[in-house]
Amino acid sequence: MTIAFRPEGPAFFDLSARVKLRLTGADVFRFLNGQITNNVGKASENSAIQAAVLSAKGKMAAHVFLSRQNDGFVLDADPELREELPARLDRYVIADDVQIEDVTEKFSLFHVLAAGAPTVAGSIRTVAASRFGSAGWDVWLEFGEAEETRRQLAEGLAFCDEACAEILRIEHGIPRWGRELTTEIIPIEANLEESSIDYDKGCYIGQEVVSRMKMSGQTNKRLCGLVSLSGAPLHAEMRLTRASEPGKDAGWITSATKSGRLGKEIALGYVKRGYNTIGSLLQAGDVPVEVVALPFL
């Protein structure tokens with residue numbers, strides 16, 4: 001897949017389809033700190049953090065961006081989680097003074113890749129957030145302001161559509177819900193330690209599993225970069241085998257694209273322990289691939 005535009009410079013993205021939840025109440029800080037893998041205290045009005053929401057078995061239930069807003073917090077996640085995420089959080093609101101409100105339709109959300117914060121008329125707030133492998137800015141605004149905001153941003157920035165954003169995230173090794181992130185994945189396996197996990201914070205749902213994996217230093221599989229050595233395209237769900245052991249299952253591809261910047265067919269995939277050393281040679285179907293470090297760029 002190739003597209004005309006590549007975000008070599010400042011660009012913007014329309015993320016308004018993401019599910020957006022507002023959490024308020026006297027116990028909201030303590031409640032959230034018991035639900036997510038990162039430290040809620042790091043989130044501010046001007047800076048968002050990333051975090052995972054887990055099951056009791058330490059497996060992914062969501063990957064979210066979280067920032068403060070007035071006396072509460074706002075988080076956003078993949079559109080697929082609009083039903084599951086609020087239900088998952090509400091399940092643990094027992095005697096807590098916590099209210100969870102779905103504000104998906106109330107706000108539009110744009111993301112800007114640029115060195116400095118954008119100035120957008122009508123925006124509610126601008127929040128620093130790293131979504132595509134480098135510093136960026138989330139622009140929150142009332143839903144009805146979306147078209148005017150798009151027009152303003154387009155005057156000085158290139159628009160990166162969904163196809164463009166997909167190439168960019170794969171090049172930067174960023175996992176996505178429904179591809180690399182599923183209810184069968186533990187966040188360490190998806191390389192989320194640095195961005196989304198605070199090992200020094202208090203207890204949260206699923207912490208025991210994550211901490212045990214951290215202490216052992218071992219995972220059954222790990223998200224890796226893969227490059228086609230023949231130039232043949234790669235595709236999601238391709239099974240991986242070791243070149244020297246035909247038929248021996250080594251993992252699977254989760255996302256794939258043609259990188260114009262690299263001039264290569266590349267992919268993200270989970271490679272099992274013993275096969276995921278950088279430089280390992282595998283087969284994706286009939287296509288020879290090499291395991292490479294992430295990010296590609």
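The values are calculated or read from the model by the stated rules, or taken from the named source; none is laboratory data. Everything numeric in this text was worked out from a predicted model, so none of it was measured. All Cβ positions, even for glycine, are placed from backbone atoms using ideal geometry, and neighbour counts span all protein chains on display. The protein model used for the area step is the full one, side chains on, heavy atoms only, and it has no ligands, DNA or RNA in it. Shrake-Rupley method; radii C 1.70, N 1.55, O 1.52, S 1.80 Å.
For the range 1-120, with the dipole built from +1 on Lys and Arg beta-carbon atoms and -1 on Asp and Glu ones, taken about the Cα centre, which of 104, 87, 56 lies farthest toward the positive end?
Of the candidates, 56 comes out farthest on the positive side.
Could you order 78, 200, 161 by accessible surface area, starting with the largest, using a probe radius of 1.4 Å?
Heavy-atom accessible area, descending, gives 200, 161, 78.
Roughly how tilted is helix 207-216, in degrees to the nearest 10 and between 0 and 90, from the longest Cα axis of the chain?
40
Mind ordering 263-269, 29-35 by average Cβ neighbours within 10 Å, highest first? Can you show the working numbers first?
Values: 263-269: 21.9, 29-35: 19.4.
Final packing ranking: 263-269, 29-35.
Enter the angle in degrees (range 0 to 90, nearest 10) between the Cα long axis of helix 162-171 and the first principal axis of the Cα atoms of the chain, meaning the one along which they spread out most.
Rounded to the nearest ten degrees, it is 60.
Give me, ordered by chain and number, the residues 5 or more places off residue 37 or on other chains with an amide H under 5 Å from its own placed amide H.
52
Ranked by accessible surface with a 1.4 Å probe, highest first, in what order do 18, 68, 131 come?
68, 18, 131
Name every cysteine in the chain that ends up alone, with no second cysteine's Cβ under 4.7 Å, or say none.
So far as the 4.7 Å Cβ criterion goes, 203, 224 stand without a partner in the chain.
Write down the accessible area per residue of the chain in Å², having rolled a 1.4 Å probe over the full set of protein chains.
Spelled out: the 1.4 Å probe surface of the chain, per residue, equals 45 Å².
Go through 42/258; 214/264; 57/106; 20/42 and tell me which ones have a Cα-Cα distance over 26 Å in this structure.
42/258; 214/264; 57/106
Short version: ³J(HN,Hα) in whole Hz for each residue of the range 44-57, in order, from phi by Karplus 6.51 cos²θ - 1.76 cosθ + 1.60 (θ = phi - 60°), x for Gly and Pro, what are they?
9, 5, 10, 8, 9, 10, 9, 7, 10, 9, 10, 7, 4, 8
Whole-Hz Karplus ³J(HN,Hα) for the range 277-293, in order, using 6.51 cos²θ - 1.76 cosθ + 1.60 and θ = phi - 60°, x for Gly and Pro?
Ordered by residue, 3J(HN,Hα) equals 5, 4, x, 5, 9, 10, 10, 10, x, 9, 9, x, 9, 10, 7, 10, 6 Hz.
What number, in percent, do you get for the relative contact order of the chain if the mean sequence gap of Cα pairs under 8 Å and at least 6 apart is divided by its residue count?
20
Rounded to the nearest 500 deg cm²/dmol, what is the calculated helix-only ellipticity per residue at 222 nm for the chain, with -39500 (n - 2.57) per DSSP H run of length n ≥ 4?
-4000 deg cm²/dmol
Taking H placed 1.01 Å from N in the peptide plane, check which residues at least 5 places from residue 255 or on another chain put their amide H under 5 Å from its amide H.
Excluding prolines and chain starts, which carry no amide H, the hits are 268.
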